[in-house]
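Peer 1: Quick one: structure below, then a few questions.
Each reported figure results from applying straightforward, stated rules to the coordinates on display, with no laboratory input. This one's a predicted model, so the numbers in the text were calculated from it and none came from an experiment.
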């Protein structure tokens, strides 16, 4: 069984894809993008079908189509949309800051005023821990759509 860290890093990094086809560039571009106006070298971007309406973490295929000797070649990446990578990083960072700040406030308050004074710091640390664990659970599960 793979660990959640491996799944998260694989989704973050994306998977490089290189496909060759005997189709001419125009036909392959129309087939991949659904748009006949695109030509060779244009960026092709396709999102996976929406299986779970509550999840935005859908894989996205991004790449370019180039002419090859025997037809065409697609070079791209299958992974998260870059905007979702930024959102995930910001959410995780915010929860990490809450956890570290709350832990520090709780430790300082406990050292100076006893455990009763550490309550707000412990609540802040608990919120950061809860949010970080929730973010950790939602992200890989949404990668697998409804199988979690």
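Peer 1: If each residue of separation counts as 0.36 nm, what is the full-extension length gain between residue 26 and residue 45 once their alpha-carbon separation is subtracted? Can you show the working numbers first?
Peer 2: Working: separation 19, 0.36 × 19 = 6.84 nm, distance 1.57 nm.
My answer for the length gained is 5.3 nm.
Peer 1: Still on this structure, please answer the following. Between residue 81 and residue 133, what length comes free when the chain is fully extended (0.36 nm per residue of separation minus the Cα-Cα distance, one decimal in nm)?
Peer 2: Going from the current span to full extension adds 16.5 nm.
Peer 1: Extension gain residue 90-residue 9, at 0.36 nm per residue separation less the Cα-Cα distance, in nm? Provide the component values of the computation, followed by the final result.
Peer 2: Details: separation 81, 0.36 × 81 = 29.16 nm, distance 1.60 nm.
The residue 90-residue 9 span can extend by a further 27.6 nm.
Peer 1: Find, to one decimal place in angstroms, the Kirkwood hydrodynamic radius of the stretch 88-137, where the mean of 1/r is taken over every pair of different Cα atoms and then inverted. Spell out each step's value before the answer.
Peer 2: Details: mean 1/r = 0.0933 Å⁻¹.
It is 10.7 Å.
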